[in-house]
Each structure stands twice: as C-alpha cells, then as structure tokens.
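The values are calculated or read from the model by the stated rules, or taken from the named source; none is laboratory data. What you are looking at is a predicted structure, and each value in this text was computed from that prediction instead of being measured. With ideal geometry, Cβ positions are generated from the backbone for all residues, glycine too; neighbour counts draw on all protein chains shown.
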Amino acid sequence: MKGVGVLLLVMCLQFRVAQLNQRPMHGDEANQAVRAGQLLEQGVYHYDPADHHGPVLYYAAYPFCRFTASHFADTTEVNFRLVPVVFSLLTLLLIVGCYRKDGTGLFKSPATAWFAVVLVAVSPAMNYYSRFFIQETMLVTFLTGILFSAIHYLRATSSRLKLVCAGGVGVFTGLALATKETVVLSLAAACVALLVSCGFKRIRASWSWRDAGVAIGVAGGVAILFYSSFFTYPKGVYDALFLTVKTYMTRATAVPEHHHPWDFYLKFLFGWHYGRGPVWRELNLWFLVPLAVAIISPIVECLRLKQEDQTVCARLIRARWTLFVVIYTVVLTVLYACIPYKTPWCILTFLFGYLILIARGVETIFEWLASITATRLPKRAPRLACFAVVVIICGCGVFLNAKRSYNACFKYAADIRNPYVYAHTGRDAMNLVAEIEKSAQVKAGQGMYEVPIAIVSPPSDYWPLPFYLRKFKAVGYWSSVHEIPPAFKPDLLIISASMGDQASHIMGKETQSNFYGIRPGTLLLLVERKQ
C-alpha cells in the first residue's frame, strides 16, 4: 500500500509541477508575489486588510524564494508557485492520516483513504489552483489538518497524547485564521456540523476544559504571531480583529464585477461550458450515486446503531465523522451561494468535502456488496463481477477528471473556455513584456534595466506588470499623465487605451506605439519615444 501511495504522489506531481512557469501570472498572483518580494528584500511585512489577505502565504513563500534568490528581481514564477504545490501534497498526506487502524477515523480502510487522495489529486479545480500563488490551497491544507487532529484527539489513549492533538487543532486553526479571512465561513460551518452530528452533551463529554483551552490558546497565539509580524507590528492584530469584517462586508456587497448568481459554484460542480468549449464538471455522473450514498448512509447509521460493543462503537464514530463532513460541506456550499461576491477559487473549501464524501460512498457500497453477495451470490464469479462494475465506474470518473485536469492545467491554462480562468492575464500580455524588454535593450544595451518606464493606468488594470517588470529599476505608476513629475522623462510609456490621446503630453510627437490586451476587456497602449 505504501508503494501505491508513493506512485500516486509521483503522479500528482505531474499535474502540479510540470510547466509551472508557462501560464502567465494572474493579477492576484502577481500582487501576492510583489508582497512576498518585499518581505524577501526588506524582511518587513505589515498586514493590510484592504488589499491583501492573511500573512501566512508570504511567510511560507520566503524560504522558497530565499533558496535560490536574495532579491525579488531574481525570483521566478516557480519560486512562488511551488508554495501551493507543496501544501497541496501535504493535504493529500493529511487525508491518509484521517484513517485509523481501530476504525474510528473517517475511513474504514487505508484503501478508501488512498482513493480519497486520488479523487483530490485528479480534481481539475484542486490541480489548477495548486499551481496558483493564492491562499486557497493552503487554507484547504489547514482545514484538513484541523480534521486530522480532531479525529486523533477523540481516540487518543493518554492525557499527553490528547494534549498534543488539542495543540494540533490549535496550530492548524491559527494558521487557517492567518491565511484568509473567509475561513470564518468554514469554521461556522464546522461548528454547525459538530453540533448537529454529535450534540452538545457528547461534545462536552469528549473534550476536557484543559484541552479546549489549549486549542483556543494555541490558535489565538499562532494567529497573533503572524498578524503582528512576529510581534513587530501590533497594529496588524487590531486590523485583523476590527477592520477585516468591515472590509469584507463591503467587498461582499459593493464590488459588482465579482457578483454572480447563487448557482455560480453549482455550475462548476455539475456542468459548465463556454461557447463551443469542452464541458467541465467536478462531480461526474459516475460519482453521483456514491455521493448520494455518503450523504444518506451516515444519517441511517447514526439513527440505527447503539454503542453496544467496540465494533459497533467504531462504526458509529465513523458514521458521525461522515455526517460531520456532510453537514459541513452542505452548510458551507449554502453560505458561499448566498454571498453575492464569488470567485472560482473559493470552491476549494467545500469541493474538498464532496470529494471525501464520494470516497466514503464508494466504501459504503463495497461494504454493502460484500454483505449481500456472500449470502445471495455464493459463487465467486458473480461476486467479483459486482465489485468489478463499481471499480470500472470509479475508474471512469477518475479518468474523466484526470483528463479535465490536464486540459485545465496545460491545454486551456489561460483560456476563457476554462472555468477556472477568471479575469486572467492573456497571452498578449507576455507579448507586451517581451516588447518592453526588446525596446529597453535597443535603447540601453547592457543597461536596459535602467531605462525609465511610466505606467499610467488604474491599479486594477496594470497587474501583473509589476511582477514582470521587477528587474527594471526606474518604473513609476500613476493614475493619470498629469501626476507624472516633470523631471521624470520616460523612454517607454504603458497607458490605458482610453487615455491614449494623452500620451503625446509625455512622449512628444515622435513616437511609435502598439496596443496589447492584458486581459479580456483591458487594453493597454505601449508608447516608445523615438531616439
């Protein structure tokens, strides 16, 4: 089984690592990378709730960048994108850790745990965003870590081990809180799921006040550590506590370009296509029966079983964990559906739950087949045929998702026919960067990175240029040409197409220019001063 696991992890790496630098940087990725670059060069980070998320991503990127570069200009896309890659692999390992030999974990057998790993490993969304330098992938890792720690806490055999597991819950919760502010939705869904699946009395009997205090204290300590920039910026803690809610309430209701219908995420789950592009879905038709079984069976189990002996107790605990995942996933899906502000990467936190449930559903189907075939199909061949049908169905679903993952990560990596491509940088932006570098080299030769460049555009329009122009030492950013200081004489001007008629005020009459589409609906004009 360990050999199979290693093989699976190697296969996962093919989706996650291959051609990691080929897709243009998304504007959000570039913004995060510039922030991490400041930490790399200056050793300083200050939490900004208005324009950035939690600090964990930037601190996590530091060793990946520092290993090959000491300056932001020397980093590459790979430095930053390796961060989510590594955390996505850690998520897979934590899934395996949710199995316990005594049967009280989330899975009855290690084979089911590894099948859950396969489902997450071939998921198009999981793969695509594991190659994205944003917070969602590591947020899934930390939420899985909370589940892993809670499962092992429940059946810990000693007071010391319980304390360690409680500390694990605290560490992962603190990291999740310091990763992205939307984690409060996941924690709210988890609280509802815990209360419904276990009840307050059972929760109270399972946790001691000491361990609960340790978990809460460690979670708060870890979150404070990061938001305060390791106790060098106390204001970051204040901002996280009091300004974040206001920022996100405003963002959820007052950013119309990111407002989408309630069924936005359901289309990603069950079927989405653009024009004549391919059909995309996360939950294949092959998986709907196992998913339904996983949703219904724990409810039936919890109502039917009583803790009569150890075997039934283990089965009941496993059913309660499954019911917890069911309620958590459904509640979180509803919460995200109700919020007008929607971006595709937010799907990861509840998509993960559906994939785990599919694995549990398949496990339940196999248990059911094993029980009925032993009595009704005494001959070996019919019994094997029943199991083979289930294996083939699962294999078809896995194959289709693996194919979609390939298309998402490579064939349609920056194509609008890919649903995970959202306000993404177009290929033409790379032509713009190449032309800037070519013009700078013609003008200054070896000193090309000293060439003064002015960028006049709303900030939302020029990203990811700050990342791709990170080697240039004289780049200025303004919202209008009138803001450019008279002393600054740019040789190259990148300006919004709507303001192109103002270029002559800065560059004079003797210029040559060309238009470039940086992303759908955003056109920039490159103006070069003639020598």
Among the residues of region 173-220, count how many are closer than 19 Å to Met138 by Cβ, part of a helix (DSSP H, G or I) and touching a residue at least 40 places away in the same chain (Cβ under 8 Å). 11
Across (1) touching a Cys at 6+ places or on another chain (Cβ under 9 Å); (2) part of a helix (DSSP H, G or I), Thr104 clears everything bar (2)
Can you list the helices (runs of 4 or more DSSP H) found entirely within region 444-512 that contain at least 3 residues being crowded, with 16+ Cβ neighbours inside 10 Å? 465-468, 503-507
Given (1) buried (at least 24 other Cβ atoms within 10 Å of the Cβ); (2) in a loop (DSSP other than H, G, I, E, B); (3) modelled with pLDDT of 90 or more, where does Met126 come up short, assuming only one miss? (2)
Please determine, by comparing only the residues of region 58-67 that are in contact (Cβ under 8 Å) with a residue 60 or more places away in the chain and in contact with a helix residue (DSSP H, G or I) (Cβ under 6 Å, 6 or more places away or on another chain), which one is surrounded by the fewest Cβ atoms within 10 Å (Cβ to Cβ). Ala60
Mind checking which helices (runs of 4 or more DSSP H) fall wholly inside region 264-338 and carry at least 2 residues that are among the basic types (Lys, Arg) and farther than 21 Å from Gly361 by Cβ? none
